[in-house]
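This report concerns only the one structure given below.
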Amino acid sequence: MPFTSTDRDNSIPPVVSKGYQAKGSYQTINGLKTYVTGPATATKAILVVYDIFGFFDQTIQGADILATSNDQKYRSRRHLLVPPPTTDEHKQKLGNFFQTQAAPPKTLSKIPDIVKEANQAAPGGTFQSWSILGFCWGGKIAALSAGADNKIFKAAAQCHPAMVDPNDAKTINVPFACLASKDEPADDVKAFKANLTVPNHVETFSTQIHGWMAARSDLEDPEVVKEYERGYKTVLDFFHSHA
């Protein structure tokens, strides 16, 4: 999970296709390796939950975009919950791990302590507001974190989410954005939107694959870059309007 703080013209800086140099730093928050970016004076924060591939340049660059692209600056934190896969065998084992020991409902219990510890670095001892953004598996966590028991987040978003369940939408209690790729089941995405009772933005990026805003984005492809930029601007605009 990453953490981003923000304090708006919402312009996206030029995307770097290769060799991106991170603007933030790695810290340990609640025992988890965390990428933290954005100005220390930021008064709002975004918790970003990675896909299973962890700290890829594309997701680090995305965190920096969220944290620094507008006049409302964010503190962005990306947390790595488990080591990223390095071999096909590791990928298979990790996939099984995310379905069992690290199933999204079991991961939710970590979030309040992450937020509590991260707040200690905020001006005045707490951030004015928190938003949450999740990719793939992290998108499921974002949806569940914004459910009926949510008292932490003022807005939430998921990008190319895994395990889309229209029933999750019924209990979401804060403004919610869902940016789907062409690979998510269209009927599930449509039903998810129909069940939302909060302000929302649900959109399918029909030319993009699952993972285009995170580890699987090919930033040497101009069409991917265009939709990567548009995806992050959409999320920023949504959070600025609702958090």
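The values are calculated or read from the model by the stated rules, or taken from the named source; none is laboratory data. Just so it is clear, the structure is predicted and the values come from calculations on it, not from any experiment. Neighbour counts run over all protein chains shown; Cβ positions are idealised from the backbone, glycine included.
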Note to self: It is to be established whether one or more residues within segment 203-214 are at pLDDT 95 or above, over 13 Å from the mean Cα position of the chain (by Cα) and more than 23 Å from Val15 (Cα to Cα).
What the structure shows: no
Next item on the list: Please work out which residue is surrounded by the most Cβ atoms within 10 Å (Cβ to Cβ), limiting yourself to segment 42-70 and to residues that are at pLDDT 85 or above and over 17 Å from His240 (Cα atoms).
Entry: Val49
Item checked: Residue in segment 135-193 that is modelled with the highest pLDDT, counting only those that are under 20 Å from Phe53 (Cα atoms) and among the aromatic types (Phe, Trp, Tyr) -> Phe135
Note to self: Pull out all pairs, ordered by first then second residue, where Cβ-Cβ is under 6 Å, the residues are six or more apart or on different chains, the first lies in segment 29-44 and is closer than 15 Å to Gln120 by Cβ, and the second is part of a loop (DSSP other than H, G, I, E, B) and not acidic (Asp, Glu).
What the structure shows: Val36/Gly24; Ala42/Lys73; Thr43/Gln128
Check: Yes or no: Val198 among the aliphatic types (A, V, I, L, M) and outside any loop (DSSP other than H, G, I, E, B)?
Finding: no
Check: Quick one: Ala118 ticks every box in (1) in contact with a Phe, Trp or Tyr (Cβ under 6 Å, 6 or more places away or on another chain); (2) more than 21 Å from Leu66 (Cβ to Cβ) bar one, so which box is it?
Finding: (2)
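Working carefully through the options Leu179, Leu236, find the one that is among the hydrophobic types (A, V, I, L, M, F, W, C), within 17 Å of the chain's Cα centre (by Cα) and in a helix (DSSP H, G or I).
Values: Leu179 fails: in a helix (DSSP H, G or I).
Going through Leu179, Leu236 in turn, just one is among the hydrophobic types (A, V, I, L, M, F, W, C), within 17 Å of the chain's Cα centre (by Cα) and in a helix (DSSP H, G or I): Leu236.
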Check: In segment 49-71, which residues are more than 10 Å from the chain's Cα centre (by Cα) and assigned to a loop (DSSP other than H, G, I, E, B)?
Finding: Ile52, Phe53, Gly54, Phe55, Phe56, Ser69, Asn70, Asp71
Next item on the list: Considering only segment 214-243, state which residues are touching a helix residue (DSSP H, G or I) at 6+ places or on another chain (Cβ under 7 Å) and over 19 Å from Ala45 (Cα atoms).
Entry: Ala214, Ala215, Ser217, Asp218, Leu219
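Listed here are the residues, each with its yes/no results for (1) closer than 17 Å to Ala63 by Cα; (2) among the hydrophobic types (A, V, I, L, M, F, W, C); (3) surrounded by 19 or more Cβ atoms within 10 Å (Cβ to Cβ).
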| position | (1), (2), (3) |
| --- | --- |
| Asp149 | no, no, no |
| Pro161 | no, no, yes |
| Asp165 | no, no, no |
| Val174 | no, yes, yes |
| Pro185 | no, no, no |
| Ala215 | yes, yes, yes |
Margin query: Being in contact with a Ser or Thr (Cβ under 9 Å, 6 or more places away or on another chain) and either within 15 Å of Ile46 (Cα to Cα) or buried (at least 22 other Cβ atoms within 10 Å of the Cβ) (or both) narrows it down to one residue among Ile209, Ile141; which is it?
Written below: Ile141
